[in-house]
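Read the structure below first, then the notes.
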Amino acid sequence: MKISEDRSNNVKGRFEDFFRKYSKPMFLYALSFVSSEEEAEDIVQEIFMNFWKSESYLTIQDEAVKTYLFRSIRNNCLNKLGKKSVLRDTIDVLYEEAVEDEFGLLNDVLITEIREAIESMSPQTKEIITSVFYQGQKYQEVADRMGISINTVKTLLKNGMRYLRERFSGRLDIFLLFIIER
Amino acid sequence: MTIKENIEELVLEFCSGTISEADRLILKAWIEVSEENRKQFRKMVRVYFRVTAAGKWDELDNVQQKMWKRMQPALGNRHYTYLRIVQIAAVLTLLFLSTCLWFVMRHNSPEKEYTSQEMNLLKAEAGSAKAILKLAHGEEILLGRGESKNIANVQGVELTQDAAGGLFVGQESQDKADVTPVYHTVIVPEGGEYFITLSDGTKVWINSASELSFPLSFSNNEREVILKGEAYFEVAYNAGKPFLVKTAQASVKVLGTSFNVMAYAEDLDVQVALLKGKVSFDVSSGAYILVPGEIAILDKSTGKTTVETGNVEAAVSWKTGVFDYEDMALEELVIKLRRWYGIPFEFKDESCRQLRFSGAVTKYRTLDYMLDMISKTTLVKFVSEDGYISVHTRDK
């Protein structure tokens with residue numbers, strides 16, 4: 001009895017590892033489709049509950065788990081939005097794929113790296129990027145507060161994004177492994 | 001401001017959902033120009049979300065905690081049989097081994113070296129909008145994209161190629177309708193895909209290695225086209241004039257609807273997937289009426305037809321730029337890759353033929369990217385040979 005409980009705790013442990021590792025990026029991924037945080041939470045929770053019930057986490061490989069979870073987010077969100085995949089065009093497909101790749105890769109280490117990269121920028125660019133992305137401010141608000149023109153804000157923002165893109169260049173094309181051998 | 005700078009701004013607007021419909025079209029056109037642009041787009045999107053995530057990451061601890069707590073009641077303790085424990089142990093061992101393998105592979109080959117000839121095959125670019133229009137009198141016209149232009153004027157009907165890679169057949173004139181239709185053909189080679197709007201307004205997306213024959217004007221009582229290979233149809237509604245897609249083994253008759261027909265000569269079966277409306281799938285043994293969500297499959301060797309509920313959207317995903325396949329054997333998958341990349345495959349180990357895969361992958365990646373993904377997750381290895389790619393089992 002004792003042994004069997006330990007085993008079942010291990011199983012739950014594997015499930016919990018997946019949850020800790022993927023629930024944050026999954027939440028952000030869901031948020032790229034739906035507008036409210038509550039809705040995104042519900043979707044992530046529902047997917048993990050199904051994952052638990054199906055016991056899929058016991059039998060599939062780690063990489064495949066990630067694929068399964070992220071694909072579920074996408075399908076679930078598209079269903080909720082009532083979007084038919086045939087009505088989506090190249091740009092939607094490329095976008096969703098890039099977003100899925102990105103969130104599939106996110107973890108604490110990468111987040112630390114990006115923060116350090118932003119930290120190393122010029123004070124003005126850094127302020128613009130954090131205002132727009134961290135605090136969700138509009139270009140005009142940022143321009144007014146900093147006493148510069150909206151065009152300067154846009155230009156510095158674009159330069160900053162380009163700098164980040166170059167800095168992370170080699171690693172921006174890593175792709176989620178989508179193939180599951182049966 | 002250069003175009004490039006402007007695109008950068010459009011991508012930011014696209015990601016934040018504030019882009020206007022007009023700007024979205026500009027962005028779409030830019031993306032469709034080249035693989036390089038698509039790569040740039042992906043990178044811009046990724047950096048956008050990476051920075052956004054960095055801003056939100058810490059608050060997410062709370063969200064995560066909250067979700068985990070709410071899930072607890074459902075995650076009760078369970079007891080596991082001995083068999084299950086063995087299964088888990090096996091999975092964990094596999095996991096450990098595959099992780100080791102991945103590390104070894106990563107460190108042994110940071111940059112793969114190919115000979116120049118191998119390089120060519122593996123770097124095969126994904127297909128693009130290209131086709132040949134073969135007119136009834138034998139003249140051949142190359143179709144592509146990039147500029148809108150008049151292609152031909154046949155018996156008063158205008159044929160126009162649009163910038164995004166599509167062919168438009170001008171409106172059918174009433175007085176022509178009683179003449180016997182003359183058939184012209186759009187031939188899409190391996191590595192191509194093409195879109196055509198017929199004179200009745202019906203839209204057809206033609207997949208790689210396929211041909212569609214159509215008249216400039218349809219006859220009075222029906223609209224008939226002939227298909228070799230695969231195409232997706234959105235038929236303009238006309239109750240008085242049924243639309244008929246003929247293939248070598250079967251035909252599909254409709255009034256107005258959306259469906260996919262896959263009838264490649266070398267495939268083992270003919271498949272019709274119905275998305276909207278109603279179609280009749282006519283084979284020598286009889287007629288089958290499909291409802292949306294159903295796929296009819298004619299097995300060419302036995303002549304038997306089965307109708308099943310299936311993933312019809314996956315069946316037409318090629319049209320939106322994705323290879324989407326469910327439980328597909330590797331031998332079928334490589335046929336699809338050959339059609340799109342124009343490079344043949346040969347199995348060196350017969351045992352790999354029946355390995356089954358599920359997944360979805362964008363079509364607009366180079367071939368080595370696709371093959372890399374397959375070999376990373378499985379024990380299959382691809383080797384570039386003289387003019388083809390061989391498929392092997394990798395040592396465990």
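One table, with the values for the structure above:
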quantity	calculated
B:VAL47 being crowded, with 17+ Cβ neighbours inside 10 Å and modelled with pLDDT of 90 or more	yes
Flag if B:ILE187 is more than 23 Å from B:PRO292 (Cα to Cα), at pLDDT 85 or above, under 25 Å from the mean Cα position of the chain (by Cα) and not in a loop (DSSP other than H, G, I, E, B)	yes
Cross-chain or 6+ apart pairs with Cβ under 6 Å, region B:15-37 first and assigned to a helix (DSSP H, G or I), then among the basic types (Lys, Arg)	B:ILE31/B:ARG38
Test result for B:VAL245, in a strand (DSSP E or B) and over 26 Å from A:ASN75 (Cβ atoms)	yes
Candidates B:GLU308, B:GLU332, B:GLU313, B:GLU326 - the one that is at pLDDT 85 or above and charged (D, E, K, R)	B:GLU308
Test result for B:THR393, surrounded by fewer than 21 Cβ atoms within 10 Å (Cβ to Cβ) and at pLDDT below 80	no
Complete set of residues in region B:204-243 that are among the hydroxyl-bearing types (Ser, Thr, Tyr) and within 27 Å of B:LEU268 (Cα to Cα)	B:SER208, B:SER210, B:SER213, B:TYR232
Helices (runs of 4 or more DSSP H) contained in region A:56-167 and holding at least 1 residues at pLDDT below 85 and in contact with a Lys or Arg (Cβ under 9 Å, 6 or more places away or on another chain)	A:56-59, A:62-81, A:90-105, A:108-119
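Okay, residues lined up against (1) modelled with pLDDT under 85; (2) more than 20 Å from the chain's Cα centre (by Cα):
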{"position": "B:ASN238", "(1), (2)": "yes, yes"}
{"position": "B:LYS241", "(1), (2)": "no, yes"}
{"position": "B:LYS246", "(1), (2)": "no, yes"}
{"position": "B:VAL252", "(1), (2)": "no, yes"}
{"position": "B:LEU255", "(1), (2)": "yes, yes"}
{"position": "B:TYR264", "(1), (2)": "no, no"}
{"position": "B:ASP269", "(1), (2)": "no, no"}
{"position": "B:GLY277", "(1), (2)": "yes, yes"}
{"position": "B:PHE281", "(1), (2)": "no, yes"}
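The values are calculated or read from the model by the stated rules, or taken from the named source; none is laboratory data. These numbers were taken from a predicted model, which means no experiment stands behind them. Backbone-built Cβ (ideal geometry, glycine too); neighbour counts: all protein chains shown.
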